[in-house]
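The values are calculated or read from the model by the stated rules, or taken from the named source; none is laboratory data. Note that the coordinates shown come from a computational prediction; the quantities given were computed from them, not determined experimentally. Note: ideal-geometry Cβ built from the backbone for every residue, glycine included; neighbour counts use all protein chains shown. Heavy atoms of the whole protein, side chains included, go into the accessibility calculation; ligands, DNA and RNA do not. Shrake-Rupley method; radii C 1.70, N 1.55, O 1.52, S 1.80 Å.
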Number of protein chains: 2
Amino acid sequence: MDLVKPGDTIGFIGLGIMGKPMSENLIKAGFNLLVHNRTRTRADEILEMGAQWRDSPIQLARECDVLVTMLSDSLAVRDVVLGEKGISKGISKGGVVIDMSTISPKATMEISEKLGELNVSLIDAPVSGGVAGARQGSLSIMVGGDEDVFQLVVPALEAMGSDITYMGGSGSGQKTKLVNQIMVAVNQNGVAEALVFAEKAGLDPNKVIEACKGGGAGSFQLQNQGPRMIEGDYSPGFMVKHMEKDLGLVSETSEDIISPLPFTSLASQFYRALMAEGKSEYGTQAIHSVIRRLNSIEPN
Amino acid sequence: MDLVKPGDTIGFIGLGIMGKPMSENLIKAGFNLLVHNRTRTRADEILEMGAQWRDSPIQLARECDVLVTMLSDSLAVRDVVLGEKGISKGISKGGVVIDMSTISPKATMEISEKLGELNVSLIDAPVSGGVAGARQGSLSIMVGGDEDVFQLVVPALEAMGSDITYMGGSGSGQKTKLVNQIMVAVNQNGVAEALVFAEKAGLDPNKVIEACKGGGAGSFQLQNQGPRMIEGDYSPGFMVKHMEKDLGLVSETSEDIISPLPFTSLASQFYRALMAEGKSEYGTQAIHSVIRRLNSIEPN
């Protein structure tokens, strides 16, 4: 396979809340797109932008050497790639699947091995940066898989992200995403705990953010989620149910590699408290409401 | 009292690792300094810069309307301010004590009340930014006490810090410092846990920092302490024993205001593990070594 460049045809499967804006950025960058999605209506806009619809992954794979998947979980990726009407049944030797979903590193390595038997490569390339980053094409992309193959698909990744890091062999992108989520989850809980303590101590939490954000306590979470927590704005950027899923993958992987994670485990329980309340589609910053309740402060 | 300005005389008590560079910045800004310290030799350099020595807090207080204290703990501040040869025995009505130590908010409020009976004001103004910030005059200063009095001493604070936030009544500066330490402690542990997980998962932790620092996982701790953790550079910026002390104050205050702190409590136990190993004078980033050992990775 040669270096992927604008004008080439790419297959895109999974037009969800992230996949839709990502596929739009590929079109805008000049790629031809063939698309498929479980629910066809989700494709209306991208078809208007010039993409073409195909009825199944296998059909799509017959016409493309490079396919992107952006799906909900390991099972969905396994089905779309290896299933009866899956990509693997249609793709040519030398083809590349770029899986940008966040799934289990173990599942990634297994799928990569199966594709390898067909001389097809899997690049794992999960993202962070949320819907805003997907729209702006400014996602962070953490990449695992064969480095030479990765180099060939960089132009496609650059249409979707601004910060692309090659991490190592198959699964390394997924593992890096999990490390990222560990830091997000623990720090988000720490910020919430600190802001509730501040409130209970009679401080103005907004002034606390001002006083602390420039120093050793400074973080993306404090600066961006802190003000939302204080306002009780729990609308999603990143949903609780997706954090729950990601922390499940962290837990599974930590079991595989035998890595004890005291802080992440605790964080996990607090997101679960939100799940228990039926707040799975709230933004993760709603963790603030759990800690407020723990402090017997009136709910927002 | 009038607005404090260069040329005025300020008393400075406590020439420790932080107090020494802070007092030097007052001299450089043009203030006349009278100094006192438990160990006189610590004053050699500041005396060469033009400060004058006094043998006790009471002597010093007789000649100054504004005094700065930078001491190790609540007991030391209480003794220097209210003790037999303390500031309160020599200071004139209308005088101001600026306590820049990190001590208990409760002790601060008690000392403030005692001084109030003598018509003397206490401003609590703890700092963050460590020795580097103290040297560069770029400390963050979190201020509590009477706002009008605070305004009168701003020029002195500006000689030592670049980021000065008035937080509210007496003790509010100390409370804000505690909130700051909660966020530092929890996030530092989260970063360490994530980097050790990365290491155990076979990733290059340096690449992980590169891939994650610009997104939702980004923080001062990741960017500044992360690389030190990876190198096993546990030299102090901020010492474990000082974090232990600060988290003790957090615990005491959380008991007073009845605020449960699950993440901070857990963080506290990990710093205590460092204390148990005799590493009280290591930098707090040594928490990384505790989590590595928990993962049965060889010590650095």
Magnitude of the Cβ-charge dipole (Lys and Arg +1, Asp and Glu -1) of the stretch A:9-169 about the Cα centre, nearest 20 debye, reported as 420 debye
Can you spot the lysines whose alpha carbon is less than 19 Å from B:K207's alpha carbon? Ignore those fewer than 8 places along the same chain. A:K175, A:K177
Suppose we keep just the DSSP beta bridges with both residues in the stretch A:9-169; what percent of those would be antiparallel, to 5? 10 percent
Qualifying aspartates and glutamates (Cα of each under 16 Å from Cα of B:K241; at least 8 residues distant if same chain): B:D73, B:E277, B:E281
Can you name the chain A residue with its Cβ nearest the rotation axis from A to B, and give the distance in Å as a whole number? A:S219, 2
May I ask you to evaluate 6.51 cos²θ - 1.76 cosθ + 1.60, the Karplus curve with θ = phi - 60°, for each residue of the stretch B:109-119 and list the ³J(HN,Hα) values in order in whole Hz, giving x for glycine and proline? 5, 5, 5, 4, 5, 4, 5, x, 5, 9, 6
Shortest first, in nm, what separates the label point of B:L47 from those of the same position in the other copies (7 Å along Cα→Cβ)? 8.8
Along the positive direction of the dipole of the stretch B:9-169 (beta-carbon charges: Lys, Arg +1; Asp, Glu -1; about the Cα centre), which of B:G90, B:A132, B:Q52 reaches farthest? B:Q52
Give the percent of DSSP beta bridges with both residues in the protein assembly as shown that are antiparallel, rounded to the nearest 5. 15 percent
Please report, in whole Å³, the volume per residue of the convex hull around the C-alpha atoms of the stretch B:65-217. 128 Å³
Taking every residue in B:128-134, how many Cβ atoms of other protein chains lie within 10 Å of its Cβ, on average? 2
If you place +1 on the Cβ of every Lys and Arg, -1 on the Cβ of every Asp and Glu, and leave all else neutral, what size is the dipole of the stretch B:185-256 about its Cα centre, to the nearest 20 Debye? 280 debye
Per-residue mean of C-beta atoms belonging to partner chains within 10 Å, peptide B:287-297: 2
At 7 Å out from Cα toward Cβ: A:K28 inter-copy label distances (nm, ascending): 4.7
What average number of partner chain Cβ atoms lie no more than 10 Å from the Cβ of the residues making up B:154-167? 2
A:E63/B:N206 FRET efficiency (R0 45 Å; Cβ-Cβ; nearest 0.05): 0.65
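So, for the stretch B:57-193, what is the accessible surface per residue at a probe of 1.4 Å, expressed in square angstrom?
Normalised by residue count, the accessible surface of the stretch B:57-193 is 33 Å².
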Against the empirical 2.2 N^0.38 Å scaling, what ratio does the C-alpha Rg of the protein assembly as shown come to? 1.13
Please list, by residue number, everything in the stretch B:162-176 whose backbone N is under 13 Å from a paramagnetic label point 7 Å out along Cα→Cβ of B:E147. B:166-170
Which order do the peptides A:131-143, B:28-40, A:188-200 take when ranked by the mean count of other beta-carbon atoms within 10 Å per residue, highest first? A:188-200, A:131-143, B:28-40
For chain A, what is the calculated [θ] at 222 nm in deg cm²/dmol (nearest 500), taking -39500 (n - 2.57) for each run of four or more DSSP H residues and dividing by its residue count? -15000 deg cm²/dmol
Given a Förster distance of 35 Å, the FRET efficiency implied by the Cβ-Cβ spacing of B:E244 and B:M49, rounded to the nearest 0.05, works out to 0.60
Which of the listed residues, B:G171, A:P21, A:I257, is farthest toward the dipole's positive end in the protein assembly as shown, when Lys, Arg count +1 and Asp, Glu count -1 at the beta-carbon? A:I257
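Roughly how many debye, to the nearest 20, is the charge dipole of chain A about its Cα centre, given +1 on each Lys and Arg Cβ, -1 on each Asp and Glu Cβ, and no other charges?
Dipole size: approximately 460 debye.
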Overall Cα dimensions of the stretch A:176-294, principal axis frame, Å, largest first: 44, 32, 24
Cut-off 14 Å, label point 7 angstrom out along Cα-to-Cβ of B:N224: give me the residues of the stretch B:126-155 whose amide nitrogen falls inside. B:127-141
Among B:K114/B:K279; A:K85/B:K200; A:K28/A:K93; A:K106/B:K245, which pairs are too far apart, with a Cα-Cα distance over 31 Å? B:K114/B:K279; A:K85/B:K200; A:K106/B:K245
Roughly what percent of Cα-Cα pairs across the stretch B:110-171 reach past 14 Å? 55 percent
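Counting pairwise Cα distances across chain A, what percent come out greater than 38 angstrom? Walk me through the numbers on the way to the answer.
Numbers: 8251 of 44850 pairs.
Of all Cα-Cα distances in chain A, 18 percent exceed 38 Å.
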Can you list the aspartates and glutamates whose alpha carbon is less than 18 Å from that of B:K213, not counting same-chain residues fewer than 8 positions off? A:D163, B:E193, B:E199, B:D204, B:E231
What are the radius of gyration and Dmax of the stretch A:1-76, computed over its Cα atoms and given in Å? 11.5, 33
At B:N206, label 7 Å along Cα→Cβ: distances to the other copies, nm, ascending? 4.4
Note on chain A, DSSP bridge orientation, antiparallel percent to nearest 5 equals 15 percent
Which value in nm describes the separation of the simple spin-label points at B:M275 and B:R135, placed 7 Å from the Cα toward the beta carbon? 2.9 nm
